[in-house]
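The values are calculated or read from the model by the stated rules, or taken from the named source; none is laboratory data. Computed from a prediction, not measured in an experiment: that's the story for all the values here. When we count neighbours, we look across all protein chains shown, and the Cβ atoms used for this are built from the backbone with ideal geometry, even at glycine. Surface areas here come from the heavy atoms of the whole protein model, side chains and all, with no ligands, DNA or RNA. Shrake-Rupley method; radii C 1.70, N 1.55, O 1.52, S 1.80 Å.
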Amino acid sequence: MELIIDRVSKQYQNHIAVDRISAKLQKGVYGLLGENGAGKTTLMRMICGILTPTSGSISFDGMDVSEEAYRAALGYLPQDFGYYPEFTGQDFLLYMAALKGLSKPQAKKRAAELLQLVSLTDVARKKTKTYSGGMKQRLGIAQALLGQPKLLILDEPTAGLDPKERVRFRDLIKELGKESVVLLSTHIVSDVEHIADTVLIMKHGQLIWQDRWDESQGSLEDFYLQQIDGEED
Amino acid sequence: MKHFRILYRYEWKKLLGKKIVWISFLLVFFMLALAVFSPLFGGYYIEGKYMGTTYEMDQVDKAYAQALNGREIDQTLMEETIAAYRNIPQNLDIHYMATDEFQKYARPYSEIFIFLRRMSGMTTSELMYSWEPNYDDFAAKRQTYLQSYRKEARLSAGETDFWQAREATIKTPYVYEEHGGYSHLLSYYQTFGFFVLMLTAICLSGIFTDEHTRKTDQIVLCSPLGKTALYSAKIAVGISFAALSTALYLVFLFLSTLCLYGLEGYQAPYQFLDALSSDPVSCGQALLIAYGILFIAAVVISVFVMVLSELLRSGIATLAISTGLLLLSMIFTVPKQYRVFSQIWDWLPWSFLSPLNVFGNYTVSVFGHYFTPWQAVPVIYLAVSVIIVLIGKPVYQRFQVSGR
């Protein structure tokens with residue numbers, strides 16, 4: 001199980017959003033850190049196949065990012081996305097399950113499991129327009145997990161969650177990392193510190209640091225700030 | 001296929017969850033009801049004198065027309081008609097229809113009189129006071145009138161021969177049949193077409209763009225079937241919506257017309273409704289053809305609107321363009337001397353929905369065989385629909401989520 005990012009760049013006229021990034025991601029949780037505008041979301045969108053790189057290639061277990069089989073292995077939670085206001089939470093998951101190619105019985109079973117996992121069973125038949133921000137975020141996490149993805153891309157997964165939920169989802173993501181490649185981006189360094197096996201730091205579109213991190217190395221937050229500020233000094 | 005069905009169902013749910021769809025749908029219903037039932041309330045005046053409601057006057061004329069059912073419009077009926085009209089005094093200060101002589105003698109023959117006038121190109125006074133009824137002269141006048149019309153329309157020699165051959169297949173003398181219901185239904189055609197196309201543009205311009213404005217495109221396009229089956233499901237829902245709403249309105253229109261005017265006269269020659277047509281079809285056939293074409297026009301417009309919205313990434317811009325084209329077609333016509341442009345303009349779905357175009361004289365020639373507008377246009381529309389769908393697919397699939 002390996003995600004290969006090979007010299008991937010994304011350029012918009014005079015601005016380089018992602019600059020020749022290469023990485024090989026295997027089973028485990030990868031925390032992607034970086035300031036606003038560092039290129040994290042752009043990189044994630046390219047990994048999800050919804051943004052074409054200007055150059056370079058992305059593949060997962062030999063499948064190119066443009067292939068349907070690649071998308072079948074993928075689960076994606078975008079940073080900011082909408083819902084269909086007239087759909088209930090259950091409708092939304094069943095609809096997404098159909099898009100992911102799950103059969104009807106499979107979809108029903110999986111939707112029920114995930115609604116329970118994200119504590120939305122009680123409101124499953126309520127329209128998503130009545131959901132709070134946190135409930136929507138939990139529903140978003142549920143849809144990302146629908147197809148039991150081997151490659152899970154989570155852009156700010158804990159944003160909008162209350163502290164208790166955050167801790168619960170951190171544990172869940174850690175668990176998922178045992179069987180899948182999980183790449184998550186966040187501004188909350190402590191989230192990465194708790195769940196990521198490997199840390200990636202991006203700055204001005206480039207990957208400036210990539211390695212395993214453990215508590216014995218000290219505070220990740222201090223190290224991260226040092227990396228971000230260091231090059232500018 | 002199983003997934004397509006599920007996606008199709010959910011796309012319907014998304015579409016019907018939009019308030020604008022219901023508001024527009026009901027508004028069109030209201031406008032159509034207004035068009036159909038307004039004669040029940042509108043007054044009929046001659047020289048300022050109230051004669052009754054428009055509907056009551058229609059019923060009087062219908063009774064007179066029914067009395068003529070089955071009669072050939074031959075020498076005898078022509079003579080009767082002209083004799084009846086000659087009871088109306090000449091040099092009147094008022095409209096001839098306001099005279100007692102018209103009401104008493106001429107009105108029972110008004111359907112035949114109007115038919116003779118429209119078919120021959122004679123003026124009302126010429127027909128009323130100077131023409132000596134003669135069947136052969138009437139037939140000759142019709143030929144002259146048709147030739148001058150075809151020349152004005154810039155028809156080629158081949159087209160003229162084609163229409164002449166079709167004219168020759170029409171059974172003469174014409175046999176009169178009361179056909180008021182068909183006349184009313186065809187009179188609604190252009191308005192109805194306008195409403196249906198507007199509704200289609202309003203309701204379907206968001207089918208693709210809503211995914212972008214709601215930012216759901218990110219999760220949809222990275223799912224296995226989001227770039228393939230979903231595109232087909234959206235297109236299928238758009239087409240179904242256009243066809244189904246047209247069908248619902250049609251059921252209403254046909255049933256209400258049936259109740260108000262009846263639908264007798266299916267076999268009446270179409271020339272009773274459009275004298276300049278040389279198409280050997282009946283009123284009933286013409287109605288079915290015209291409304292069948294409306295379905296196909298709704299399909300092509302639905303596909304056009306959906307794909308245009310995906311190209312422009314904007315529902316509002318799509319709506320503005322569609323409405324603009326629709327309004328432009330109502331106020332602008334290409335002069336007949338620019339034959340090719342005139343034909344292209346008249347055959348665009350926005351302009352085509354008028355009986356005068358559906359049963360018009362422009363043709364398409366393929367290997368020497370001529371096709372009438374109602375034969376050629378549906379095939380062209382269906383082919384164009386397929387091309388538009390094929391063009392739209394890569395546009396949809398290559399959408400780039402960026403800059404948010």
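The residue that is least open to solvent (accessible area, probe 1.4 Å), among those in region A:51-68 that are within 9 Å of another protein chain (Cβ to nearest Cβ) and modelled with pLDDT of 95 or more, is A:51.
Here is the figure for region A:21-41: residues that are within 14 Å of chain B (Cβ to nearest Cβ), open to solvent by 20 Å² or more (accessible area, probe 1.4 Å) and more than 12 Å from the chain's Cα centre (by Cα) total 2.
Just to be sure, is residue B:255 out of contact with any helix residue (DSSP H, G or I) (no Cβ under 6 Å at 6 or more places or on another chain), more than 14 Å from every other protein chain (Cβ to nearest Cβ) and open to solvent by 20 Å² or more (accessible area, probe 1.4 Å)? Walk me through how you get there before you give the answer.
Values: out of contact with any helix residue (DSSP H, G or I) (no Cβ under 6 Å at 6 or more places or on another chain): yes; more than 14 Å from every other protein chain (Cβ to nearest Cβ): yes; open to solvent by 20 Å² or more (accessible area, probe 1.4 Å): yes.
Taking the combined requirement at face value, the residue satisfies it.
I'd like to check something: does region B:373-388 contain any residue that is within 14 Å of chain A (Cβ to nearest Cβ), modelled with pLDDT of 95 or more and within 30 Å of residue A:66 (Cβ to Cβ)? Looking for residues that are within 14 Å of chain A (Cβ to nearest Cβ), modelled with pLDDT of 95 or more and within 30 Å of residue A:66 (Cβ to Cβ), one finds none in region B:373-388, hence no.
Restricting B:396, B:362, B:370 to residues that are in a loop (DSSP other than H, G, I, E, B) and hydroxyl-bearing (Ser, Thr, Tyr) narrows the list to B:362.
The sole residue among B:231, B:249 that is within 18 Å of the chain's Cα centre (by Cα) and not basic (Lys, Arg) is B:249.
Suppose we keep only residues that are assigned to a loop (DSSP other than H, G, I, E, B) and over 25 Å from residue A:186 (Cα atoms) within region A:69-93. Which one would you say is nearest to the other protein chains (Cβ to nearest Cβ)?
Within region A:69-93, the subset assigned to a loop (DSSP other than H, G, I, E, B) is A:73, A:78-87.
If we keep only those that are over 25 Å from residue A:186 (Cα atoms) too, we end up with A:84-87.
Numbers: A:84: 6, A:85: 7, A:86: 3, A:87: 7 Å.
Among residues in region A:69-93 that are assigned to a loop (DSSP other than H, G, I, E, B) and over 25 Å from residue A:186 (Cα atoms), the one nearest to the other protein chains (Cβ to nearest Cβ) is A:86.
When region B:12-34 is filtered for residues that are over 30 Å from residue A:95 (Cα atoms) and open to solvent by 40 Å² or more (accessible area, probe 1.4 Å), the ones remaining, listed by number, are B:27, B:29, B:30, B:31, B:34. If you check B:153, B:140 for being out of contact with any Pro (no Cβ under 9 Å at 6 or more places or on another chain) and at pLDDT 95 or above, only one passes: B:140.
Restricted to region B:39-156, the set of helices (runs of 4 or more DSSP H) holding at least 3 residues that are of a type in the set (S, T, N, Q) and at negative phi comprises B:54-67, B:75-85, B:135-152. Taking the criterion of being under 21 Å from residue B:381 (Cα atoms) and in a loop (DSSP other than H, G, I, E, B), the residues of region B:321-345 that qualify are B:333, B:334.
For (1) in contact (Cβ under 8 Å) with a residue 12 or more places away in the chain; (2) polar (S, T, N, Q), each residue gets a yes or a no:
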site	(1), (2)
A:79	yes, yes
A:85	yes, no
A:94	yes, no
A:149	yes, no
A:164	no, no
A:178	yes, no
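Restricting attention to region B:210-236, the residues being under 25 Å from residue A:136 (Cβ atoms) and either of a type in the set (Ser, Thr, Tyr) or in a helix (DSSP H, G or I) (or both) number 14.
When each of A:126, A:150 is tested for being within 18 Å of residue B:225 (Cα to Cα), touching a Ser or Thr at 6+ places or on another chain (Cβ under 8 Å), open to solvent by 40 Å² or more (accessible area, probe 1.4 Å) and not hydrophobic (A, V, I, L, M, F, W, C), the lone residue that passes is A:150. Got a number for residues in region B:176-230 being within 14 Å of another protein chain (Cβ to nearest Cβ), within 30 Å of residue B:252 (Cα to Cα) and of a type in the set (A, V, I, L, M)? Number of matching residues: 1.
Do we have any residue at all in region A:129-143 that's outside any loop (DSSP other than H, G, I, E, B), farther than 30 Å from residue B:17 by Cα and not basic (Lys, Arg)? Steps first, please.
Restricting attention to region A:129-143, the residues satisfying the condition of being outside any loop (DSSP other than H, G, I, E, B) are A:129-130, A:133-143.
Now restrict to residues that are farther than 30 Å from residue B:17 by Cα: none.
Within region A:129-143, none of the residues are outside any loop (DSSP other than H, G, I, E, B), farther than 30 Å from residue B:17 by Cα and not basic (Lys, Arg).
As a summary of the residue check, residue A:14 satisfies the conditions (1) farther than 23 Å from residue A:67 by Cβ; (2) in contact with a helix residue (DSSP H, G or I) (Cβ under 8 Å, 6 or more places away or on another chain) except for the one numbered (2). Taking the conditions exactly as written (out of contact with any Lys or Arg (no Cβ under 8 Å at 6 or more places or on another chain) and open to solvent by less than 10 Å² (accessible area, probe 1.4 Å)), does residue B:247 satisfy them or not? Considered against the rule, which asks whether it is out of contact with any Lys or Arg (no Cβ under 8 Å at 6 or more places or on another chain) and open to solvent by less than 10 Å² (accessible area, probe 1.4 Å), residue B:247 comes out as no. Please go through region B:106-128 and pick out each residue that is crowded, with 19+ Cβ neighbours inside 10 Å and free of Cβ contacts under 8 Å to residues at least 40 places away in the same chain. Selection gives B:106, B:113, B:120. Within region B:297-324, restricting attention to residues that are surrounded by fewer than 19 Cβ atoms within 10 Å (Cβ to Cβ) and within 23 Å of residue B:231 (Cβ to Cβ), the residue that is nearest to the chain's Cα centre (by Cα) is B:321. All of A:112, A:107, A:124 fail the test of being touching a helix residue (DSSP H, G or I) at 6+ places or on another chain (Cβ under 6 Å) and more than 14 Å from chain B (Cβ to nearest Cβ), apart from A:124.
Answer yes or no: is there a residue in region B:23-31 that is hydrophobic (A, V, I, L, M, F, W, C), closer than 30 Å to residue B:106 by Cβ, more than 14 Å from chain A (Cβ to nearest Cβ) and part of a helix (DSSP H, G or I). Checking region B:23-31: not a single residue is hydrophobic (A, V, I, L, M, F, W, C), closer than 30 Å to residue B:106 by Cβ, more than 14 Å from chain A (Cβ to nearest Cβ) and part of a helix (DSSP H, G or I).
Would you please name the residue that is farthest from the other protein chains (Cβ to nearest Cβ), looking only at residues in region A:130-147 that are without any contact (Cβ under 8 Å) to a residue 40 or more places away in the chain and open to solvent by less than 30 Å² (accessible area, probe 1.4 Å)? Ranking the qualifying residues of region A:130-147, first place goes to A:134. Of all residues in region B:87-105, which are among the aliphatic types (A, V, I, L, M) and either open to solvent by 40 Å² or more (accessible area, probe 1.4 Å) or at pLDDT 95 or above (or both)? Residues satisfying the conditions are B:92, B:94, B:97. Of everything in region B:270-290 that is open to solvent by less than 10 Å² (accessible area, probe 1.4 Å) and under 15 Å from the mean Cα position of the chain (by Cα), the residue that is farthest from residue B:114 (Cα to Cα) is B:290.
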